Amino acid sequence: ATSVDDGKGPFQITTPIYYVNDKPHIGHAYTSTACDVIARFMRLSGREVFFLSGTDEHGQKVEQSAAKKGVPPQQFVDEVSVNFRELLDLLQITNDKFIRTTDVDHKKSVQHLWKVLVEKDFIYKGTYSGWYSVRDECFYTESELVDGKAPTGAEVEWVAKEESYFFKLSAFQEKLLEYYEANPDFIAPQSRRNEVLAFVKGGLKDLSISRTSFSWGVPVPGDEEEHIMYVWMDALTNYISALGYPNTADGTDYAKFWPAALHVVGKDILRFHAVYWPAFLMAADLPLPKRIFAHGWWTKDGEKISKSLGNVIDPVDLVEKYGVDQTRFFLMAEVAFGNDGDFSDKTMILKINNNLANELGNLCQRTLSMVFKNCDKAVPKEIGPFTAEDEALLDAASGLYGRCADAISEQAIQKYVTELIEMVWTANKYIDEMAPWALRKTDPERMATVLYVIMEVLRHVAILYQPVIPGSANIMLDLLAVPADQRSFACLEGDEYKIQPGAAICQPKGIFPRIEVSELVEA
Ligand code: ME8
C-alpha cells in the first residue's frame, strides 16, 4: 500500500476502543503500542498529533460480565476501564485522550449523529429476527454461519422478532464500492481490502441498530424508554465524538484533525470500520477517515489465545519480566504489521538478547567506553579525514530517516525497526573491521575518527529508535551527549546537530541487560 497521508499537517491516530468485559491482554497492548510508535514518529517529525484510545463500555457482553460479577454495570465499567488506562501508562503510550463511551459528551454526540441520520431518512423502524453473537456483538445471516456458529467461532443466539431501528445500509453498497475503487489505499493491507470488497459485493442488508431486550446502552433519541443503540454504532462514533463532534466550528479539534485520521484495528473488526463506519459517515454527509489499517492476530505457541485455553498472555507480566522497551520492541519487531504472529517467551528472549543486548547494547558500550577511556571523557576532537568506509557508513546513516519515514507512511512498523537493526549490524561490522582498539597505540587519530563516526551513526539510530523504545533511546542520547532539545527528526538533517567534537560524555553504562538463560529454561 502507498501513502494516502500527505505527510504534513495535523494527524489523528486511533486504537479501537477496547471492551471492558475483561482485563487487557497482549492484543490490546499490541495495537496500542503500534499506534504509539506511529504517533511518536509523527510528533518527532514535527506534526501535531491527536492520538486517541479508550474503552467501549456498553452492550450486552459488558452487561453480562457485570451481572456475572454481581455489580451494577456502571460500577463494573468504572473498575475495568481503569485497568486499560493503567496498561497504557505502563507501556508508556502517549495517547492525547482516553475516551469512554459512558462519557456524557460521547453519549450526546452519538445521539446527535442518530438524529442526523433520522433527518436524512436513513433510519426506519422494523422488526429484527436473526442470529446474534454476544461475544462479537455482531448480527449474522443464516448463510454466514458455520456449523451453527459465527464465522469467528463464537456462539450465536436466535433473536426472535425484536422491534428494532434499522440503518439503510443497503443504500450504500454501490457508493462504498465506488469509494473503495476511487481510493485504493483507503483499506490496508491489500489482502484485507480484497476481503472487504468481496463482502460488500456479496450484498449489504440493512443493519439493525437498536435493541430492546436489554438496557445497557445509549438511549435512542425519541424512543428512550424502549430502545438502546447497537453498541457498534455507539462505539464507532468515538472517533469523532472525541474531537468534539457535533461541534465542528473552526478552532475545534474536529475542525483541525478530522478527517486526517488513521484507524488502526485488528483484522477481527475490519468490517465494522471499513463498511459500517464509512456508511454512517456518508449518510451523515461527513468526510471519511484517510485510512483503515487492519493488523494481524497473535497466537500463543500456535494456538488461539483464549481464556478457556488458559493461554492468555498478560502484558503486565511481560513488562515485569522483560521491561517496557523490551516488550514494545519485541511486539513491533517480531511480525510484519498486518500479518499474524505467534508468541513464545523463548523467541522473545532471543530477540531481546540478540538485537538489543548483544548488537545495539554492545555497540554503544564498547564505543562509548573506548571514548570515555581514551578521548578525555569527551567526543573525539582530533579527528582525521574520512575514508571511503567512513563515508559509506555515514551515508547509510543519513539515509536512514528517509527509509524509516517511507516505512511508517505504509504502517510498515516492522520494516521500520528492521532498518534500525540492520543499521546496527552494518555499524558492528564496521567497528570490527576498523578495530579501533588496535589503533589506540599505533594511530590514535584514526581511532578517534572511527569512534566519532560510530557515535554519529548511533545518534541517528537513537533518535529514530525513540518512537519504539523511548526510555532506552533517550538514555542512549544522554550517553552520546545529545542535548535534550536536539532529538527531533529535524536534527537528523544538516550539519549543525552532528555529534559535537569535544562535548563531555559521562561514564557509559549498560542499557539492555541480557536476559539470563535460567529464565529461558523457566520460560
Ligand atoms: O473489538 N492479536 O474490542 P476488543 C492481535 N470494542 N490483536 C488483538 C488480539 C490478538 N490476539 N486480541 C485483541 C472491540 N486484539 C471493540 C472495538 S472500536 C470502535 C470498538 C486487539 O476489546 C485488536 O486491535 O475486543 C482487536 O481489533 C482489538 O484488540 C479488539 O478489542
- the chain: angle of helix 60-69 to the longest principal axis, Cα-based, in degrees nearest 10: 80
- Message: Which log10 I(q)/I(0) values does segment 157-202 give at q = 0.16, 0.23, 0.26, 0.28 Å⁻¹ under the Debye formula, counting every alpha carbon as one identical point scatterer?
- Response: -0.57, -0.81, -0.93, -1.01
- Message: Within 10 Å, at most 15 other Cβ atoms, and a DSSP state outside H, G, I, E, B define an exposed site. Report the longest part of the chain free of exposed chymotrypsin sites (Phe, Trp or Tyr not before Pro).
- Response: 1-213
- Query: Any idea what angle helix 324-334 forms with the longest principal axis of the chain, computed on alpha-carbon atoms, 0 to 90 degrees, nearest 10?
  - Reply: 80
- Query: What share of the DSSP beta bridges in the chain is antiparallel, in percent to the nearest 5?
  - Reply: 45
- Please work out, to two decimal places, the log10 of the ratio I(q)/I(0) at q = 0.10, 0.11 Å⁻¹ from a Debye calculation in which every Cα of the chain carries one identical scatterer. -0.83, -0.97
- Restricting attention to segment 1-90, which trypsin sites (Lys or Arg not before Pro) occupy a DSSP loop and are surrounded by at most 12 other Cβ atoms within 10 Å? Lys8
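Rounded to the nearest 0.05, what FRET efficiency do Tyr179 and Thr152 give with R0 = 25 Å and r taken as the Cβ-Cβ distance? Could you check?
The formula returns an efficiency of 0.45 here.
Between Asp22 and Ser213, what is the FRET efficiency for a Förster distance of 25 Å, r being their Cβ-Cβ separation, to the nearest 0.05? Don't skip to the answer; put the middle values down first.
Numbers: r = 23 Å, r/R0 = 0.90.
The computed FRET efficiency comes out at 0.65.
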- Note on the structure: Per the C-alpha gyration tensor (a ≥ b ≥ c, the square roots of its eigenvalues), segment 379-460 is rounded if a/c is under 1.5, else prolate if a/b beats b/c, else oblate; here it's prolate
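Just check segment 406-523 against the gyration tensor rule for me: Cα atoms, a ≥ b ≥ c as the square roots of the eigenvalues, rounded for a/c under 1.5, and otherwise prolate or oblate depending on whether a/b exceeds b/c. Before the final figure, lay out each step's value.
Details: a/c = 1.63, a/b = 1.16, b/c = 1.40.
Judged from the Cα gyration tensor, segment 406-523 comes out oblate (a/c at least 1.5, b/c at or above a/b).
Where a ≥ b ≥ c are the square roots of the eigenvalues of the C-alpha gyration tensor, would you call segment 132-208 rounded, which needs a/c under 1.5, or, failing that, prolate if a/b is larger than b/c, or oblate?
Numbers: a/c = 2.71, a/b = 1.53, b/c = 1.77.
The shape class here is oblate.
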- About its Cα centre, the chain carries a charge dipole, from +1 on Lys and Arg Cβ atoms and -1 on Asp and Glu Cβ atoms, whose size in debye to the nearest 20 is 440
- Message: Quick check: the angle from helix 73-90's long axis to the longest principal axis of the chain, C-alpha only, nearest 10 degrees?
- Response: 20
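To one decimal place, what Kirkwood hydrodynamic radius in Å is obtained for segment 138-262 from all pairs of distinct Cα atoms? Write out the running numbers ahead of the final one.
Details: mean 1/r = 0.0576 Å⁻¹.
Kirkwood radius, segment 138-262: 17.3 Å.
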- Item | Charge dipole of the chain about the Cα centre (unit charges at C-beta), most positive-ward option of Pro246, Asn183, Val417 | Val417
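We did not get these values from a lab; they are worked out from the coordinates using the rules stated. The structure displayed is predicted, hence computed values, not measured ones. Glycine gets a Cβ as well: all are built from the backbone with ideal geometry, and neighbour counts include every protein chain shown.
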